[in-house]
Amino acid sequence: MHEPNGVQEWEPTTIIRGGRLLQQLVVDCWAAAEQLNLRWLRTHQHTIQAELYQGLADALQNDDLSTTNQLGHRIVLPSSFTGSDRHMSQLYQDSMAIA
């Protein structure tokens, strides 16, 4: 829109006018992408070589029968998944290497 003196007003785009609705859309899109990533990790455990992680097998071999009724199907989260135990451990190891 042009003013009579030739100065142009700034008009925000429609997406900026969304305000809180835009924020909710961003959060919903992020949550959907995260859910898709978690679903892929759950269904492709063989791809990330989950059998190399011997937590369940070790518990059974050590006759730790007190916790076997609490053991279920384990889902391995790789260190590339932000927030996983392996990711935090990798960050710690990296920071200790720097220090």
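The numbers here are math on the coordinates, done by the rules we state, and not lab data. Just so it is clear, the model here is predicted, and its values are computed rather than measured. Here the Cβ positions follow ideal geometry from the backbone for every residue, glycine too, while neighbour counts run over all protein chains shown.
I'd like to compare 77-88, 26-37: which one has the highest average count of other Cβ atoms within 10 Å, and what's the full order after that?
On the way: 77-88: 13.3, 26-37: 10.7.
For the peptides 77-88, 26-37, the packing ranking is 77-88, 26-37.
Applying 1/(1 + (r/R0)^6) with R0 = 22 Å to the Cβ-Cβ distance of residue 82 and residue 29, what FRET efficiency is obtained, to the nearest 0.05?
Values: r = 16 Å, r/R0 = 0.75.
Efficiency computed from Cβ-Cβ geometry: 0.85.
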